[in-house]
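First the structure, in the form of structure tokens, and then the observations on it.
The values are calculated or read from the model by the stated rules, or taken from the named source; none is laboratory data. No experiment lies behind these values; they were computed from the predicted model shown. Cβ coordinates were reconstructed from backbone atoms using ideal geometry, including for glycine residues, and neighbour counts include every protein chain displayed.
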Amino acid sequence: MTITPITVLQESDLRDKKVLIRVDFNVQVYEGRILDDLRIRKTLETIVYVRGKGAKVILVSHNESKDGTGLLPVCEYINEMYKNECGQVTFISDFMAESTKETIASMNSGDVILFENLRVLPGEKANDVEFSKYLASLADLYVNDAFAVSHRKHASVVGVPALFPGKKYAGIQLMKEVDALKKALKPSHPFIFILGGAKFETKLPLIQKFSETADMIFLGGALLNDVLKAKGFDVGMSLVSAGEFDLSGVISNPKVLIPTDVVVERGGQAVIVPVNEVLTNDAIMDVGPSFTSMLKQHAESSQFILWNGPMGNYEKGYKDQTIGMAKVVFESKAQALLGGGDTTAAIKELGYEEKESEHVFISTGGGAMLEFLQYETLPGILALE
Ligand code: ADP
Ligand code: MG
């Protein structure tokens, strides 16, 4: 089974059609400001495409920004920044109101409206049938361009497309994500897998899976602390994963590479020490520079690099090796795929979009990227088949 890209539809198919597009505008909003609009920017291409063919566009999304302002600031931001692409976007806060139907009925070709955060109503997360039916009743066609939420079995991701047989399409960004991630399922060799971040329980299956295909696994981030602990080293006050795991398979795996030195926080200072010299009051905050050098040495001859998870606690400023390793990846000739909300946030200062090229792809998805790599599809993609 395959999914159909929206780009198969031409003007005669789209003119005056109402197109419901599930986008992922779950961007961080802080004090009313958009901190990182990567996900918005990456959806513009689809919006421009369907508007350009004369459709009427209904954008739906969730937003879980910590300041709880919902999507109004996002709408205002789009109207300020992306008027050329989206026109004047109308915001609808009560999308269940009777007047919403009237607003939609009076839309002209090329108009765009954005609904408030779908998750304000329980039907979205519960994948409620009546809620899906309501959303579906508003449009003629359905498009999913929200890769980063496609691992969720929510109404707008799986329930609504089920109600559009023969009329559901993949957005341009979703297609790009799927195509790029498929390459990671059949990578060229030598293939380096870089895994960092936290929560071993969520990442252990990936180590097992990529042990089969990757030639080397560079393991950093807080995951490293668990490995060092399992090897019998003192990790002091470092963050370790909760619960019990059997890491013997990771430790004995000759493909798994760990740093020989780490950056610890000691008395408020960053100190580089060998992994066997971490003191009881130290906390490991980053991999050491020798790990970046090791990556550089291997990246030069590698064909494919896949990366999820920062190497250190970047929020607290321990991002030197993550940035250093990202530069190594960008400068290599390998085909590279990077993803994860924290991973992209950690390297934001590199201006990652300029780094994107023929050989580098940056995924908008964190959880979605990992699940795709593990299961080779996602609920939201299956729903389009
Ligand atoms: P992503 O969102 O890119 O998938 P994760 O969510 O798995 O990445 O992990 C990111 C988190 O891991 C960040 O909050 C980061 O601070 C944390 N982290 C990485 N290395 C360390 C470390 N040595 N100590 C504490 N936290 C760490
Ligand atoms: Mg994360």
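Over 20 Å from VAL48 (Cα atoms), small (Gly, Ala, Ser) and touching a residue at least 40 places away in the same chain (Cβ under 8 Å): does that describe SER93?
Answer is no for this residue.
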Answer from ARG33, ARG39, ARG119 - the residue that is assigned by TED's automatic domain parsing to the domain that holds ALA155 and touching a Pro at 6+ places or on another chain (Cβ under 9 Å): ARG33
Six or more apart or on different chains, Cβ under 7 Å: which pairs go from a residue in segment 281-297 that's among the polar types (S, T, N, Q) to one that's assigned to a helix (DSSP H, G or I)? Could you list them? THR292/GLN321; THR292/GLY324; THR292/MET325; THR292/VAL328
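Return the residue satisfying two criteria in turn: it lies in segment 340-349 and is within 15 Å of ligand 1 (Cβ to nearest atom) and more than 21 Å from GLY171 (Cβ to Cβ), and of such residues it is surrounded by the most Cβ atoms within 10 Å (Cβ to Cβ).
Looking at residues that are within 15 Å of ligand 1 (Cβ to nearest atom) and more than 21 Å from GLY171 (Cβ to Cβ), I get THR343.
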Just to be sure I understand, how many residues within segment 218-249 are closer than 26 Å to LYS296 by Cα and under 27 Å from the mean Cα position of the chain (by Cα)? 10
Count, please, the residues in segment 306-320 that happen to be at pLDDT 95 or above and more than 10 Å from ligand 1 (Cβ to nearest atom). 1
If you go through segment 213-224 one residue at a time, do you hit one that is touching an Asp or Glu at 6+ places or on another chain (Cβ under 7 Å), under 30 Å from ILE347 (Cα atoms), touching a residue at least 40 places away in the same chain (Cβ under 8 Å) and surrounded by fewer than 23 Cβ atoms within 10 Å (Cβ to Cβ)? no
For segment 181-212, give me each residue that is of a type in the set (Val, Ile, Thr), within 15 Å of ligand 1 (Cβ to nearest atom) and surrounded by 20 or more Cβ atoms within 10 Å (Cβ to Cβ). ILE194, ILE207
Residues that are within 16 Å of ligand 2 (Cβ to nearest atom): which strands (runs of 3 or more DSSP E) entirely in segment 240-341 hold 2 or more of them? 304-308, 335-339
Of all residues in segment 358-370 being surrounded by fewer than 19 Cβ atoms within 10 Å (Cβ to Cβ) and not small (Gly, Ala, Ser), the one that is nearest to ligand 2 (Cβ to nearest atom): HIS359
Anything in segment 137-179 that is surrounded by 19 or more Cβ atoms within 10 Å (Cβ to Cβ) and of a type in the set (Gly, Ala, Ser)? List them, or say none. ALA139, ALA146, ALA148, SER150, ALA155, SER156, GLY159, ALA170, GLY171
Would you please name the residue that is farthest from ligand 1 (Cβ to nearest atom), looking only at residues in segment 354-366 that are within 13 Å of GLU177 (Cβ to Cβ) and touching a residue at least 24 places away in the same chain (Cβ under 8 Å)? PHE361
May I ask you to say which residue of SER301, SER252 is touching a residue at least 24 places away in the same chain (Cβ under 8 Å) and of a type in the set (Ser, Thr, Tyr)? SER301
Every residue in segment 342-357 that is within 13 Å of ligand 2 (Cβ to nearest atom), at pLDDT below 85 and of a type in the set (S, T, N, Q), please. THR344
Report, by residue number, each residue of segment 13-35 that is in a loop (DSSP other than H, G, I, E, B) and acidic (Asp, Glu). ASP16, ASP24, GLU31
